[in-house]
Amino acid sequence: MMKRTHILKKRSMAVLLAGLLAAVSLSVPVFAAEKTGFQQVPESKYRNSMIGKLFGKHNEGEEPDNAFAVEIYTVSDLRNISSDLSGSYVLMNDLDLKNEDWTPIGTEEEPFTGTFNGNGHLIEGMKIEGDENCQGLFGMTHQASISNLAVSGSVQGNTCVGGIVGTASETTIDYCVTVVSASGVDRVGGMIGLADRCRISYCMNSGPVSGSRRCCGGIVGDLYADNDMDHCLNLGDVSGGTDLTGSITGGSTESSVTSCVNTGSVTCQGGRVGAIAGDNAGYAGHREDNFFLQTNEINQSFSAIGTGSGTFSSDTDTRVTRLQDTIFEKVVCMKEKGFSIAELIKWILD
């Protein structure tokens with residue numbers, strides 16, 4: 001009996017050793033390839049390559065969910081997003097569109113449904129002219145995400161005009177900055193023309209916005225329905241037309257607007273107008289902790305609306321500088337360029 005037990009023990013040990021040897025032999029090629037293959041791939045081959053993503057060729061601080069995003073290096077790369085509107089993209093450096101006519105990414109028939117991470121970079125020199133609908137860097141988005149991006153330039157159109165998105169549906173937009181001159185007829189915003197069931201957080205506009213008819217706002221022209229908007233900052237002057245003009249949003253039907261700040265002047269030819277939202281006097285949504293600049297020169301006739309809301313008398317109020325600094329932590333191109341509020345205003349005027 002003891003001899004049989006000894007034989008069984010020897011067999012078990014042999015099986016265990018065989019398994020260990022198999023595991024080692026299988027692992028050796030992987031380690032060898034990691035040292036001699038992937039690590040020696042030239043830099044250019046990392047661009048938009050799966051190997052590059054797997055082995056960490058990313059900008060420092062890039063979010064983990066960009067691990068398989070297509071990297072955007074050139075204006076041509078940016079334009080090519082239109083060939084795959086459901087993709088995931090990350091901007092790898094600042095881009096200059098050189099004031100050449102820009103065709104918005106995504107249309108009403110085929111909206112952008114992917115993710116775009118600006119990675120803290122600036123797209124400058126955008127120019128859109130004409131009288132088309134859904135005008136912006138992105139024409140229309142649906143169930144998309146846009147973040148960590150700055151855009152400068154000018155955009156002109158008819159209905160649904162914005163510096164970053166003309167029409168946004170079920171889209172998340174956060175930590176974005178626009179220094180864009182935006183103009184149109186209806187639903188014109190410094191960043192978004194029309195937002196429907198969107199989440200908009202930590203966004204900032206410092207460009208002038210004008211609309212000749214309804215729904216004109218510094219950040220969003222019209223929060224159409226069921227949107228959540230918080231911690232947004234407007235520095236640009238807003239000039240509206242016949243109805244619904246506000247510094248943060250023109251219309252805000254059944255939407256939440258909280259912890260937003262405005263230093264820009266708001267004027268309107270007629271209809272409903274407010275220092276935060278155009279429909280300040282009557283709204284179905286939620287308002288809380290919104291503040292705006294009020295002096296003898298600007299916004300004198302407006303009242304603070306909503307719990308915890310109020311006014312301040314200097315455009316260097318700590319609410320302004322604190323919110324700007326928080327946004328610039330993610331949109332680092334603005335921080336690196338050293339833009340103060342005064343310098344942003346000068347950039348607009350120049």
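The values are calculated or read from the model by the stated rules, or taken from the named source; none is laboratory data. Keep in mind that this is a model prediction, so the values were computed, not measured. Here the Cβ is made from the backbone with ideal geometry for all residues, glycine too, and neighbour counts use every protein chain on show. For the accessible areas, the whole protein counts, side chains as well, though only heavy atoms, and no ligand, DNA or RNA atoms are used. Shrake-Rupley method; radii C 1.70, N 1.55, O 1.52, S 1.80 Å.
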Self-check item: the stretch 288-310 residues that are touching a residue at least 24 places away in the same chain (Cβ under 8 Å) and among the charged types (D, E, K, R), paired with ones that are in a loop (DSSP other than H, G, I, E, B) and buried (at least 17 other Cβ atoms within 10 Å of the Cβ) (beta carbon under 6 Å, 6 or more apart)
Solution: 288/306; 289/259
Practice problem: Taking only the stretch 224-262 into account, find how many residues are farther than 10 Å from residue 277 by Cα, within 20 Å of the chain's Cα centre (by Cα) and of a type outside the set (Asp, Glu). | Solution: 17
Quiz item: Would you say residue 251 is touching an Asp or Glu at 6+ places or on another chain (Cβ under 9 Å), closer than 22 Å to residue 308 by Cα and either β-branched (Val, Ile, Thr) or open to solvent by less than 10 Å² (accessible area, probe 1.4 Å) (or both)?
Solution: yes
Quiz item: How many residues does the stretch 188-214 contain that are of a type in the set (S, T, N, Q), in a loop (DSSP other than H, G, I, E, B) and open to solvent by 10 Å² or more (accessible area, probe 1.4 Å)?
Solution: 1
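Residues checked against (1) touching a His at 6+ places or on another chain (Cβ under 6 Å); (2) closer than 14 Å to residue 72 by Cβ; (3) assigned to a strand (DSSP E or B); (4) without any contact (Cβ under 8 Å) to a residue 40 or more places away in the chain:
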{"site": "86", "(1), (2), (3), (4)": "no, no, no, yes"}
{"site": "89", "(1), (2), (3), (4)": "no, yes, yes, yes"}
{"site": "98", "(1), (2), (3), (4)": "no, no, no, yes"}
{"site": "103", "(1), (2), (3), (4)": "no, no, no, yes"}
{"site": "109", "(1), (2), (3), (4)": "no, no, no, yes"}
{"site": "117", "(1), (2), (3), (4)": "no, yes, yes, no"}
{"site": "122", "(1), (2), (3), (4)": "no, yes, yes, no"}
{"site": "125", "(1), (2), (3), (4)": "no, no, yes, yes"}
Quiz prompt | Looking only at the stretch 215-258, and only at residues there that are part of a strand (DSSP E or B) and among the charged types (D, E, K, R), the one that is farthest from residue 196 (Cα to Cα) | solution = 243
Quiz item: Could you list, in sequence order, the residues of the stretch 303-317 that are among the small types (Gly, Ala, Ser) and surrounded by 16 or more Cβ atoms within 10 Å (Cβ to Cβ)?
Solution: 304, 306, 309
Exercise. Collect the residues in the stretch 63-84 that are within 15 Å of residue 138 (Cα to Cα), touching a residue at least 24 places away in the same chain (Cβ under 8 Å) and either in contact with a Leu (Cβ under 7 Å, 6 or more places away or on another chain) or part of a loop (DSSP other than H, G, I, E, B) (or both), keeping them in residue-number order.
Key: 78, 84
Exercise. Quick one: residue 324 ticks every box in (1) open to solvent by 40 Å² or more (accessible area, probe 1.4 Å); (2) within 30 Å of residue 121 (Cα to Cα) except a single one, so which number is it?
Key: (1)
Exercise. Name the one entry in 269, 300 that is open to solvent by 10 Å² or more (accessible area, probe 1.4 Å), modelled with pLDDT under 95 and out of contact with any Ser or Thr (no Cβ under 9 Å at 6 or more places or on another chain).
Key: 300
Practice problem: Only one of these is in contact with a Ser or Thr (Cβ under 7 Å, 6 or more places away or on another chain) and within 30 Å of residue 92 (Cβ to Cβ): 235, 323, 293. Name it. | Solution: 235
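What tally of residues in the stretch 67-80 results from selecting those that are modelled with pLDDT of 95 or more and either within 16 Å of the chain's Cα centre (by Cα) or farther than 21 Å from residue 127 by Cα (or both)?
Of the residues in the stretch 67-80, 4 are modelled with pLDDT of 95 or more and either within 16 Å of the chain's Cα centre (by Cα) or farther than 21 Å from residue 127 by Cα (or both).
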Self-check item: Flag for residue 263 being farther than 24 Å from residue 131 by Cβ and hydroxyl-bearing (Ser, Thr, Tyr)
Solution: yes
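Looking at the stretch 215-233, is at least one residue among the hydrophobic types (A, V, I, L, M, F, W, C), open to solvent by 10 Å² or more (accessible area, probe 1.4 Å) and closer than 18 Å to residue 201 by Cα?
yes
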Self-check item: Long-range neighbours under 6 Å by Cβ, at least six apart or interchain, first residue within 20 Å of residue 324 (Cα to Cα) and of a type in the set (S, T, N, Q) within the stretch 224-239, second open to solvent by less than 10 Å² (accessible area, probe 1.4 Å) and assigned to a loop (DSSP other than H, G, I, E, B)
Solution: 234/218; 234/219; 234/247; 234/248; 234/264
